[in-house]
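Working notes, structure below.
The values are calculated or read from the model by the stated rules, or taken from the named source; none is laboratory data. Being a predicted model, the structure only gives us computed values, none of them experimental. Reconstructed Cβ throughout: ideal geometry from the backbone, glycine too, with neighbour counts over all protein chains shown.
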């Protein structure tokens, strides 16, 4: 292993940067992170694994937040409320888009 010219790490024989502050490396690409959970979420983009299942239908998600958002299509939950007119939305993006109508 040689020293990396950018500092803070070494280069392996395979040319990958080893960063002591980010010890978790993706086995499929050059992604590195200091957080193991972030690595596991990232690896699923390569493997296609979808461990989170909807209890209402066959939908499966790779990320827990995507499952939570999907479940709202079944439950009708709308947790995002406009502070101006109190209209409610299932997704934050819907509220953000709606708020522009109050700026006109």
### Task
Inspect region 32-48 for any residue being modelled with pLDDT under 95 and assigned to a loop (DSSP other than H, G, I, E, B) and give the result as yes or no.
yes
### Task
Hey, can you tell me all the residues within region 66-104 that are touching a residue at least 12 places away in the same chain (Cβ under 8 Å), more than 19 Å from residue 54 (Cα to Cα) and surrounded by 12 or more Cβ atoms within 10 Å (Cβ to Cβ)?
80, 81, 82, 94, 95, 98, 99
### Task
Please work out which one of (1) within 30 Å of residue 24 (Cβ to Cβ); (2) part of a helix (DSSP H, G or I) is the condition residue 101 fails and give its number.
(1)
### Query
Restricting attention to region 13-29, which residues are out of contact with any helix residue (DSSP H, G or I) (no Cβ under 7 Å at 6 or more places or on another chain) and at pLDDT below 95?
13, 14, 15, 16, 17, 18, 19, 20, 21, 22, 23, 25
#### Entry: Counted residues, region 59-86 - those being more than 23 Å from residue 42 (Cβ to Cβ) and either touching a strand residue (DSSP E or B) at 6+ places or on another chain (Cβ under 7 Å) or in the same structural domain as residue 37 (by TED's automatic domain parsing) (or both)
3
